[in-house]
Amino acid sequence: MKRVIVFDLDGTLINSLEDLHLSVNHSLKINNYPLVTMEHTRKSIGDGVAMLMKRSVPSNTNETDYKKALKDFENYYHIHNQDHTKPYDGMYETLKILKSRGFLLAVSTNKIEDVA
């Protein structure tokens, strides 16, 4: 029987926090919203970018303005999603070892499909 390990992408295999944070703040800035801290972004990730932006825009933001901010985030992130994102130290080696020991490796993510 084949043993399978499924990894989450963001926060497990790769550190994408800085690119996500910069993309959130880019969207907030061009929409004249207050910027958020890196810590806010770190605590807000994990449920997809729609929730990340929902948690980052002011709570009284109407749906139309929220959707614009989300689209602005997506447009910026599409271009800048690998500016600072990198695998965690030792990740390549760890995956190679697991594969050499017969594990089937898979990745699961709720990242935007064209940047995953």
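Quick grid of which residues meet (1) in contact with a helix residue (DSSP H, G or I) (Cβ under 9 Å, 6 or more places away or on another chain); (2) within 30 Å of Lys2 (Cβ to Cβ); (3) hydrophobic (A, V, I, L, M, F, W, C):
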| site | (1), (2), (3) |
| --- | --- |
| Tyr33 | yes, no, no |
| Phe73 | yes, no, yes |
| Tyr92 | no, yes, no |
| Leu105 | yes, yes, yes |
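Looking only at the range 1-31, how many residues end up being in contact with a helix residue (DSSP H, G or I) (Cβ under 9 Å, 6 or more places away or on another chain) and under 16 Å from Tyr76 (Cα atoms)?
Going through the range 1-31 one residue at a time, the tally reaches 14.
Which residues, counting only those in the range 11-25, are outside any helix (DSSP H, G or I) and surrounded by 20 or more Cβ atoms within 10 Å (Cβ to Cβ)?
Those that are outside any helix (DSSP H, G or I) and surrounded by 20 or more Cβ atoms within 10 Å (Cβ to Cβ): Ile14, Ser16.
Could you list, in sequence order, all residues of the range 89-111 that are exposed (fewer than 11 other Cβ atoms within 10 Å of the Cβ), touching a residue at least 24 places away in the same chain (Cβ under 8 Å) and in a loop (DSSP other than H, G, I, E, B)?
Result: Gly102, single match.
Here are some conditions: (1) surrounded by fewer than 17 Cβ atoms within 10 Å (Cβ to Cβ); (2) modelled with pLDDT under 95. Asn81 meets all but one. Which one does it not meet?
(1)
Condition test on Tyr76, is it surrounded by 15 or more Cβ atoms within 10 Å (Cβ to Cβ), at pLDDT 95 or above and either assigned to a loop (DSSP other than H, G, I, E, B) or under 15 Å from the mean Cα position of the chain (by Cα) (or both)?
Judged against the criteria, Tyr76 is a match.
Taking Asp65 as the residue in question, decide whether it is acidic (Asp, Glu), surrounded by fewer than 17 Cβ atoms within 10 Å (Cβ to Cβ) and either within 27 Å of Val6 (Cα to Cα) or under 16 Å from the mean Cα position of the chain (by Cα) (or both).
Against the criterion (acidic (Asp, Glu), surrounded by fewer than 17 Cβ atoms within 10 Å (Cβ to Cβ) and either within 27 Å of Val6 (Cα to Cα) or under 16 Å from the mean Cα position of the chain (by Cα) (or both)), Asp65 does not qualify.
Taking the range 27-57 as the region of interest, how many residues are at pLDDT 95 or above, surrounded by 12 or more Cβ atoms within 10 Å (Cβ to Cβ) and in a loop (DSSP other than H, G, I, E, B)?
5
The values are calculated or read from the model by the stated rules, or taken from the named source; none is laboratory data. Source: prediction; values computed, not measured. Don't worry about glycine lacking a Cβ; one is built from the backbone with ideal geometry, like all the others, and counts go over all protein chains shown.
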